[in-house]
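Asks: This is the structure, below, for whatever I ask next.
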Amino acid sequence: MKSIIIYFSLTGNTKKIAQTIHKGMNPFMGQCDIATLKHVDASSLHNYDLIGIGSPVWGDVPQHVKHFISALPDLQGKYAFAFSTHGARGGRFFPVILKLLRKKGLKVIGIRDWYGSVCIPMHPKPYPTDGHPDAIDLKEARFFGKEMARLGLRIETEGPGIIPDFPKMPLPPTTRLRRPRPKFDRRKCIHPACTLCMEHCPVNGIDLAMNPVIFGKNCLTCYFCEMICPVGARAVDYDSFVKKSRQRGKSIYTKALENAEAEGIFRRLTPIEDIHWNIPYYKVFNKHPRYIISDKD
């Protein structure tokens, strides 16, 4: 049985989970590949029997991940599983991604989510879910990978009748706020000496070598270009947005985590007294770069 795990990860949370799921699956598969969303050859996916797709939760499924799945060829008769990382709740992620995968003919055999550290400029730092995914999370991810592999192999011999039923997952209401977009200051930019924003834009929406410069094409307002720019050639009016964002965080995310903690779903690794919603990430890291990319990302 041939399988592949495809993932999108911005700050490393989903990458850690994907790599650990791969470790759990690999011993059981005839072939088990792993690739980033940006580098996978979508036209080759018909060669795989089991396809795993993972991503962070950005309200629901990030727009470019939706586009990727929607552009896939028909995969009738193939199997899939989905996984995610998030900083409060899975929200609309699984209802949306299950629908997209099934439209491509995929039979979904498993879903799983994990908490992850959060580096959103308007949210506090430290953030309530910082420290995740930890060793316990990764142990669970490895077991999930083993489960997916074993279930896939059983389906090959016993048929699709053993695929578990998923509970109905109605779409929660959308509460997304309109985010300010980054602006580009060419006078500060040191391209071609630096190409970080071009290399790490999730949607390949930046090309500083073009004339005129391409900046912010299909922008997802993830703010990663602003955060990793070493010279501050990207600017975002965080101040005008942070009050709305802070209120949303305190009223929605805090409550979701409190409920999850009470149910034993969420393990708090960062003390609650260390969380200050009036001190957002962009004020803690007020010099550029705000975020340094490591080999774990």
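The values are calculated or read from the model by the stated rules, or taken from the named source; none is laboratory data. Note that the structure is a prediction, hence the values are computed from the model and not measured. Positions of Cβ are generated from backbone atoms using ideal geometry, with glycine treated the same way; all protein chains shown enter the neighbour counts.
Asks: May I ask you to say which residue of Leu196, Leu171, Leu208 is surrounded by 14 or more Cβ atoms within 10 Å (Cβ to Cβ) and either more than 23 Å from the chain's Cα centre (by Cα) or within 30 Å of Ile109 (Cβ to Cβ) (or both)? Don't jump to the end; show me each part of the working.
Replies: Numbers: Leu196 fails: either more than 23 Å from the chain's Cα centre (by Cα) or within 30 Å of Ile109 (Cβ to Cβ) (or both); Leu171 fails: surrounded by 14 or more Cβ atoms within 10 Å (Cβ to Cβ).
Exactly one of Leu196, Leu171, Leu208 is surrounded by 14 or more Cβ atoms within 10 Å (Cβ to Cβ) and either more than 23 Å from the chain's Cα centre (by Cα) or within 30 Å of Ile109 (Cβ to Cβ) (or both), namely Leu208.
Asks: Take the residues of segment 17-65 that are of a type in the set (Gly, Ala, Ser) and part of a loop (DSSP other than H, G, I, E, B): which is surrounded by the fewest Cβ atoms within 10 Å (Cβ to Cβ)?
Replies: Within segment 17-65, the subset of a type in the set (Gly, Ala, Ser) is 18, 24, 30, 35, 42-44, 52, 54-55, 59.
After this cut, where a residue has to be part of a loop (DSSP other than H, G, I, E, B) as well, the list is 30, 59.
Values: Gly30: 9, Gly59: 15.
By that ranking, first place goes to Gly30.
Asks: Let me ask something else about it. Could you please let me know if Arg248 is among the charged types (D, E, K, R) and assigned to a loop (DSSP other than H, G, I, E, B)?
Replies: On the way: among the charged types (D, E, K, R): yes; assigned to a loop (DSSP other than H, G, I, E, B): no.
No: the conditions fail for Arg248.
Asks: Checking Ala235 against (1) within 22 Å of the chain's Cα centre (by Cα); (2) under 30 Å from Asn278 (Cβ atoms); (3) among the small types (Gly, Ala, Ser); (4) surrounded by fewer than 18 Cβ atoms within 10 Å (Cβ to Cβ), only one condition comes out false. Which one?
Replies: With (1) within 22 Å of the chain's Cα centre (by Cα); (2) under 30 Å from Asn278 (Cβ atoms); (3) among the small types (Gly, Ala, Ser); (4) surrounded by fewer than 18 Cβ atoms within 10 Å (Cβ to Cβ) applied to Ala235, the lone miss is (1).
Asks: Taking the options Phe81, Phe93, name whichever one is within 17 Å of the chain's Cα centre (by Cα), surrounded by 21 or more Cβ atoms within 10 Å (Cβ to Cβ), closer than 19 Å to Ile4 by Cα and aromatic (Phe, Trp, Tyr). Spell out how you get there, then give the answer.
Replies: Values: Phe93 fails: closer than 19 Å to Ile4 by Cα.
Of the residues listed, the single one that is within 17 Å of the chain's Cα centre (by Cα), surrounded by 21 or more Cβ atoms within 10 Å (Cβ to Cβ), closer than 19 Å to Ile4 by Cα and aromatic (Phe, Trp, Tyr) is Phe81.
Asks: Of all residues in segment 67-94 being of a type in the set (Phe, Trp, Tyr) and in contact with a Gly (Cβ under 7 Å, 6 or more places away or on another chain), which is nearest to His132 (Cα to Cα)? Before you say what the answer is, go through the steps one by one.
Replies: Of the residues in segment 67-94, the ones of a type in the set (Phe, Trp, Tyr) are 68, 79, 81, 83, 93-94.
The next check asks that each one be in contact with a Gly (Cβ under 7 Å, 6 or more places away or on another chain); those that pass are 79, 81, 83.
On the way: Tyr79: 29, Phe81: 22, Phe83: 15 Å.
By that ranking, first place goes to Phe83.
Asks: When you go through Glu147, Glu226 one by one, which is the residue that is of a type in the set (Asp, Glu), within 21 Å of the chain's Cα centre (by Cα) and surrounded by 12 or more Cβ atoms within 10 Å (Cβ to Cβ)? Before the answer, list the steps.
Replies: On the way: Glu147 fails: within 21 Å of the chain's Cα centre (by Cα).
Residue meeting the stated conditions: Glu226.
Asks: Taking segment 164-202, which residues are assigned by TED's automatic domain parsing to the domain that holds Ser240, assigned to a loop (DSSP other than H, G, I, E, B) and among the aliphatic types (A, V, I, L, M)?
Replies: Ile190, Ala193
Asks: In addition: Can you tell which of Phe215, Phe224 is farther than 28 Å from Ile17 by Cβ, in contact with a Leu (Cβ under 8 Å, 6 or more places away or on another chain) and among the aromatic types (Phe, Trp, Tyr)? Before you say what the answer is, go through the steps one by one.
Replies: Working: Phe224 fails: farther than 28 Å from Ile17 by Cβ.
Criteria check complete, one pass: Phe215.
Asks: Can you tell me which residue among Gly161, Gly145, Gly105 is touching a helix residue (DSSP H, G or I) at 6+ places or on another chain (Cβ under 6 Å) and over 25 Å from Cys222 (Cα atoms)?
Replies: Numbers: Gly161 fails: touching a helix residue (DSSP H, G or I) at 6+ places or on another chain (Cβ under 6 Å); Gly105 fails: touching a helix residue (DSSP H, G or I) at 6+ places or on another chain (Cβ under 6 Å).
The conditions single out Gly145.
Asks: Please count how many residues of segment 1-16 are of a type in the set (Val, Ile, Thr) and assigned to a loop (DSSP other than H, G, I, E, B). Quick ask: steps written out before the conclusion?
Replies: Step one: list which residues in segment 1-16 are of a type in the set (Val, Ile, Thr), which gives 4-6, 11, 14.
Of the ones still in play, those that are also assigned to a loop (DSSP other than H, G, I, E, B) are 11.
Of the residues in that region, 1 qualify.
Asks: I've got another one for you. Would you mind telling me which numbered condition in (1) under 28 Å from Thr254 (Cβ atoms); (2) touching a helix residue (DSSP H, G or I) at 6+ places or on another chain (Cβ under 8 Å) Pro62 fails?
Replies: All conditions pass for Pro62, except number (2).
Asks: Please work out if Ser251 is more than 20 Å from the chain's Cα centre (by Cα) and outside the structural domain of Trp58 (by TED's automatic domain parsing).
Replies: Working: more than 20 Å from the chain's Cα centre (by Cα): yes; outside the structural domain of Trp58 (by TED's automatic domain parsing): yes.
So Ser251 fits the description; yes.
Asks: Another question about this same structure. Just to be sure before I move on: is Thr254 surrounded by fewer than 18 Cβ atoms within 10 Å (Cβ to Cβ), modelled with pLDDT under 95, of a type in the set (Val, Ile, Thr) and not in a loop (DSSP other than H, G, I, E, B) in the structure I sent? Before the answer, list the steps.
Replies: Values: surrounded by fewer than 18 Cβ atoms within 10 Å (Cβ to Cβ): yes; modelled with pLDDT under 95: yes; of a type in the set (Val, Ile, Thr): yes; not in a loop (DSSP other than H, G, I, E, B): yes.
Criteria met by Thr254.
Asks: I'm trying to understand the selection: among the residues of segment 230-247, which are under 30 Å from Thr195 (Cβ atoms) and without any contact (Cβ under 8 Å) to a residue 40 or more places away in the chain?
Replies: Across segment 230-247, the qualifying residue is only Asp239.
Asks: Condition first: closer than 19 Å to Tyr281 by Cα and not polar (S, T, N, Q). Can you find one or more residues in segment 88-110 that meet it?
Replies: Filtering segment 88-110 for residues closer than 19 Å to Tyr281 by Cα gives 88.
Keeping just the survivors that are not polar (S, T, N, Q) gives 88.
The answer is yes, given that some residue of segment 88-110 is closer than 19 Å to Tyr281 by Cα and not polar (S, T, N, Q).
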